[in-house]
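The values are calculated or read from the model by the stated rules, or taken from the named source; none is laboratory data. None of these values were measured; they are calculated from a predicted model. Virtual Cβ from ideal backbone geometry, glycine too; neighbours counted across all protein chains shown. The protein model used for the area step is the full one, side chains on, heavy atoms only, and it has no ligands, DNA or RNA in it. Shrake-Rupley method; radii C 1.70, N 1.55, O 1.52, S 1.80 Å.
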Amino acid sequence: MSFIRTSSFLLSLLFACSLGSVSPVLCHPGGMDAQGCHVDSRTGKRHCHKSSLPKKSQGFSGKVTAVKDGDTVEVLRNGKAVRVRLAEVDCPEKSQAYGQKAKLFTSAMVFGKDVTVEVRTTDRYGRLVGEVLLSDGRSLNRELVKAGLAWWYRAYSKDESIGKLEDEARKARLGLWAEQLPVAPWEFRRKGRV
């Protein structure tokens, strides 16, 4: 009986996907990057689904008024400071090796400057989660990974291009990758060392 229900659900989902009436994320579980793109297994060609991209209305620009740590900033939005957690990356905690360096790097990049925030979601703490873009178009999220001051947060990202940036920083032994056994921040937090 459950096989019939499961089959019926999958056929309904397949039909809805072909009509474009559901989110492409449901139609490509685990196979889309942060830009809503994937490689079609039949054709081998990469394509993107616009409806899965963050809507432009979710983005805003404002001045960075505070840097809480390497991956959390406050940005003015409609005259009020809102907390923004950088999406898809995780910096060392402030009490961890390279935690203060990550915070200083973020401060040097954005404090007191105008940025654009492309909001992806809101986390369980009420923070906006998104990509912070500098005035020259560079991504703060990616710059931290390139400098070896953040991990690619695989648990919350399918964008393998960030993983490639991490691999390059590891090979060059930049930042925290100069350490023999760097501890990922999620492991650090799990052990209650924050």
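Things worth noting here:
- Looking across the stretch 175-194 at every residue that is touching a strand residue (DSSP E or B) at 6+ places or on another chain (Cβ under 9 Å) and not small (G, A, S), the one that is most open to solvent (accessible area, probe 1.4 Å) is identified as W186.
- Subset of the stretch 113-171 (residues that are open to solvent by 70 Å² or more (accessible area, probe 1.4 Å) and more than 22 Å from R77 (Cβ to Cβ)): K146, R154, A155, Y156, K158, E160, K164, E168, R170, K171
- None of R85, R124, R120 is in a strand (DSSP E or B) and either under 23 Å from F188 (Cβ atoms) or free of Cβ contacts under 8 Å to residues at least 40 places away in the same chain (or both) except R85.
- Flag for F105 being in contact (Cβ under 8 Å) with a residue 24 or more places away in the chain and surrounded by fewer than 21 Cβ atoms within 10 Å (Cβ to Cβ): no
- Just one of (1) of a type outside the set (A, V, I, L, M, F, W, C); (2) under 18 Å from A97 (Cβ atoms); (3) touching a residue at least 40 places away in the same chain (Cβ under 8 Å) fails for K158. It is (2).
Listed here are the residues, each with its yes/no results for (1) modelled with pLDDT of 95 or more; (2) closer than 18 Å to T65 by Cα.
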| site | (1), (2) |
| --- | --- |
| F105 | yes, yes |
| V110 | yes, yes |
| D123 | no, no |
| V129 | yes, yes |
| N141 | yes, yes |
| K146 | yes, no |
| R154 | no, no |
| D159 | no, no |
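- Annotation note: Cβ proximity below 6 Å between a residue of the stretch 166-181 that is touching a residue at least 40 places away in the same chain (Cβ under 8 Å) and a residue that is open to solvent by less than 60 Å² (accessible area, probe 1.4 Å) (sequence gap 6+ or interchain) occurs for G175/Y98; G175/A147; G175/G148; G175/L149; L176/Y98; L176/G148; L176/P182.
- Residues satisfying the stated conditions in the stretch 147-194, i.e. more than 12 Å from E93 (Cβ to Cβ), part of a helix (DSSP H, G or I) and under 15 Å from the mean Cα position of the chain (by Cα): R154, A155, Y156, E160, S161, I162, G163, K164, L165, E166
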